[in-house]
Structures are given as structure tokens and as C-alpha cells.
Amino acid sequence: MGQKPWIAPIVIIGLVGTIVAALTTARDVAASPRPVDLPVRTAPVNARQLADPLPPGVVLQPIDGGANFYTGHGYTKAAALDSPNFFPIGIWYPSFNTESDVATYEALGITKLDRPDGACKLSLLTGTGIYAIPQYGECGGATGSGIGKESVGLFTDDEVDMNYGPGAGYTYLADLINRVPSSLKSGRFFWTNYGTGVLFWEPAAQAAQFVNGYQQTVSDDLYWFTTPSATESCAHFYLVHCTGGEARRGSNYGSAIDAIRAFEHPAGSEPIWAFVENGWPFTHERRAITPADMNWAIWSSIIHGARGIIYFNHSFSGPAQSDNNFENSHFTLTGITGQAKATDTLIKSLAPVLNDDTAVDYVTAHPAPSAFGGIESTAKYHDGQFYIFADTRDAGRKSRNVHATFHLSGSSAVSVTVVNENRTIKVVKGTFTDTFATGTTVHIYAVNG
């Protein structure tokens, strides 16, 4: 698709309730600039405020779509995704032919297979706690004979916004969905993955049509750490000149979640999943994501409200080209596989917290988050306890010992336990401080008292 530079300043407002990017510069004149009145989330949707035990001014915001989104909308075959103990952690286009392949995914903490390959041996998933979202026509042919009880939803197609554009893309998606037999649609939701067309090439109304018109769960893929066009993508996304260090940051994955949510009507009405690469996704780029960067990208996405993660598990360049990075020894040696397992394990252990309400205005972090600096955070409230998730928007591994101060609403907290780090920090008059060893560091705090 042709380049469309814009002149409109944009403010992206995320689930955490803080401005993560104030875009103020004009670049080139555009024929169809994106309007400034994007549908942003300026106040909690369906928020509920409790007199006790919440501190003054704190409201509880349900996760995008609500805790029972799938069964509540009649997608009964996806009931497992509504479990408070289930957080979707997927792999894109996975191949699996034996029980051993499935065991590998189980060991990693994978909970869903996104667009499994044409072999479509979904019966291997029975009883594993891993679910599938196959593509109709690719799995089981025209009859969908391979799509069984392990299939909780159906994948439409990939990057239709880029491959077809508005107009033709709308028709393509509508026709594709109409061709699916009613017996396969029954009880299943549709999921679509979009690309940079929705994120920044297309005017707001056209992007919103893609996001709202065809599926019930949406994702978007922009591989900030590895794309050869990282600086150009960053410039079009934030409307400012970007250095390579500013473009290749884990916090940009979170900002992409906010951008997609801004197109939902109303904002936050349906789940958004995040794509994160785990290798070399491009044929003409000699750059791979690192374990720390991958972990950072995943948690930034979650901090910004992503309700699921998808690993792009292929490498098309580099020393270990593979259609399954997690089963390639190179990615074990480089630490990618081990980091994925550690990240997935922590996410699964915190699933009940992540699936619970966000505590809006409970925590304020300093330095305040901006497009390319500061601390971004979100708070969750679960079983009478607050949890804080925080990462930096700084320059990744180049940043060292990033100091942060957190102010908590109310003054009842006495300490925070740093999850998975075996340490506790005292809270004094509603405030505590901590250090992020590098820009890639993520901290999770359980608030005591």
C-alpha cells in the first residue's frame, strides 16, 4: 500500500489511564489525514465504584469485553477462555503431528494454537488444556471436518488490511465469514489479525470498520524489535522523528494495543491480543529479538490491557531458519525458549489477577510515562488485594538503574512484595520507590495492608 504521511496530532490513551504518547508535530501534507477525534478511552467503561475497601477516587474497570465475554455473547464453545484461571498464550501457525509436539507446547505453558497448520490433528489436544482457533478451509477443507470440540473459535485471515485494503478487504472478510457453515459458526467466535494498515496507514473511519465489522476478537502485528522499517513505522505511529533506539522498545507493543482499542466502538468492548516475535521474522533483516526484549514486549502488552499473547514462532533469516522456533535447539541455546517458559509460567500463575478488574487511579508512577521515557503501570484488584504491574518506556538495554516512585491512593498500604523476586519494599505514606535494572526490566508488586 502507498505511503500516507499525516499532519494530525494524536493522543493515545491507554487502559492504564495515562497518556502514553502526546503527538505534536506536523510532518507532510496528507490527502486523508487521520482525524484528531479518535474514539479514545477517556473514562472507564461500565466502571463500578465501591465504598469499601477501595481508596477514595479509585474505580474498578472490567477487562476489555468483560470477564464473561465469550459465553455472554453466545460463544459457548469458547467457555474455557472465560475461566478466571485461563490466560490465552498462543503460537502462530503451529505444526503438530504427534503427542510429543503437543507435550512441547504444554511444557512451555502454551494454552492455545492460533491457526494450526493444514494437518489439522486437533484431536491431539483433547484433555491437554490447549485449545485451537483454526482457519476454515485450511483445516478440514470445505466441510471443516477437522474442526471439533477443541476449536473454540475460527480464524478469518491475516493482514487483510494490508493485502486488500479498505473496500475490497471489507468484502473479502464478509464473504469469507458467510461461507462458513452455520454448524461451525455455532458457539464459536471469529478472530482476525491486522497489520500496519489499521495501525497507521488507513484513516480512522476505515481502520475502525476493520476493527468493528467482522470479528469478536482482534490482534495486530508490528514486530518493533525486528522489522527493518522500525524507525519509519515509529515515525508514522507517533508522528515524530524516531531513532532506532526509540523504535525498538517493548513499550511500543503496549502502545499498539491502545491504538487498536481506540478504534473499538465502544472502546474496550472486545478482547485484543498481542503478537510478539521470538526469532527472526523477516527475510531481509539480520536482527533477532532477545529474551529480555521479548519478555518486555509481552508484559507491556498486558499492562496496556492485552487479553492474550501470540508468539510469532517462525524465523525466515538468521542462523537458524525455522517454522517452529520453540523446537529448534538454537532458540534453547540463546535463552528464548527458557524465557518464554518463565514468562508463560508467571502469566498463568497470575491469570486470576490479570482477568480481574483494573483499579483505575490507584497508582501513579514517576517519572510519568511519555512516548519514549518514564514508567508505565497498571493496577489490578483481586480478592481484596491490589497488584501493580510496571515497566519502563526507556531505551531498553542501554538504560541502567532507572529509578521510579509509585504513589498509591489512600494510605493503608504498609509494603509491597515484589513478585518472583524474593524481596519486599516498605510503603511510607502511600509511596514507595524501586529501581529498574535496565529499560527492559518489568516489576510486579503485590500490595500489603
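Evaluating 6.51 cos²θ - 1.76 cosθ + 1.60 at θ = phi - 60° for every residue in the range 249-256, the Karplus couplings come out as 9, x, 5, 5, 5, x, 4, 5 Hz, glycine and proline recorded as x. Distance from the C-alpha centroid of the range 70-103 to that of the range 142-181: 18 Å, rounded to the whole angstrom. Using the rule -39500 (n - 2.57) for each DSSP H run of four or more residues, divided by the residues of the chain, the 222 nm mean residue ellipticity is -6000 deg cm²/dmol. Taking max minus min of the alpha-carbon positions on each principal axis, the range 69-352 gives extents of 51, 45, 35 Å, largest first.
Which of the peptides 357-363, 272-278, 181-187 is most tightly packed, and how do the rest follow, going by the mean number of other Cβ atoms within 10 Å of each residue? Don't jump to the answer; show the numbers that get you there.
Details: 357-363: 22.7, 272-278: 25.3, 181-187: 12.6.
Put in order of decreasing packing, that is 272-278, 357-363, 181-187.
Descending by average beta-carbon neighbour count within 10 Å, the peptides 249-261, 414-426, 383-395 line up as 249-261, 383-395, 414-426, the highest first. With contacts taken as Cα pairs under 8 Å and at least 6 residues apart, the range 69-352 reaches a relative contact order of 18 percent.
Give me the percent of DSSP beta bridges within the range 69-352 that run antiparallel, rounded to the nearest 5. About 5 percent, rounded to the nearest 5. Evaluate E = 1/(1 + (r/R0)^6) for LYS149 and ALA320, where r is the Cβ-Cβ distance and R0 equals 45 Å; express this FRET efficiency to the nearest 0.05. Plugging the Cβ-Cβ distance into 1/(1 + (r/R0)^6) gives 0.80. Look at where the Cα atoms of the range 387-449 and of the range 231-282 average out, and the two centres are 24 Å apart.
Using the alpha-carbon positions of the range 318-417, Rg (one decimal) and Dmax (whole number) come out as 17.7, 54 Å. Summarising the label geometry, the points placed 7 Å from Cα in the beta-carbon direction at ALA437 and SER183 lie 5.6 nm from one another. Full extension of the segment from ALA368 to THR417, taken as 0.36 nm per residue of separation minus the current Cα-Cα distance, would add 15.4 nm.
Taking label points 7 Å from Cα along the Cα-to-Cβ direction, SER100 and ALA205 give a separation of 5.7 nm.
Classify the range 89-191 as rounded, prolate or oblate from the Cα gyration tensor: take a ≥ b ≥ c as the square roots of its eigenvalues, call it rounded if a/c is under 1.5, otherwise prolate when a/b beats b/c and oblate if not. List each step's numbers first, then the result.
On the way: a/c = 2.35, a/b = 1.68, b/c = 1.40.
Prolate shape, in that a/c is at least 1.5 and a/b is the bigger ratio.
Over 18 Å apart at the Cα level, from the set LYS112/LYS348; LYS348/LYS380; LYS77/LYS185; LYS77/LYS112; LYS348/LYS398; LYS112/LYS341, are LYS348/LYS398.
Values in this text are rule-based calculations from the coordinates and carry no lab data. Treat the numbers as computed from the prediction; the structure is a model and nothing was measured. Note that each Cβ is placed from the backbone with ideal geometry, even for glycine, and that neighbours are counted across all protein chains shown.
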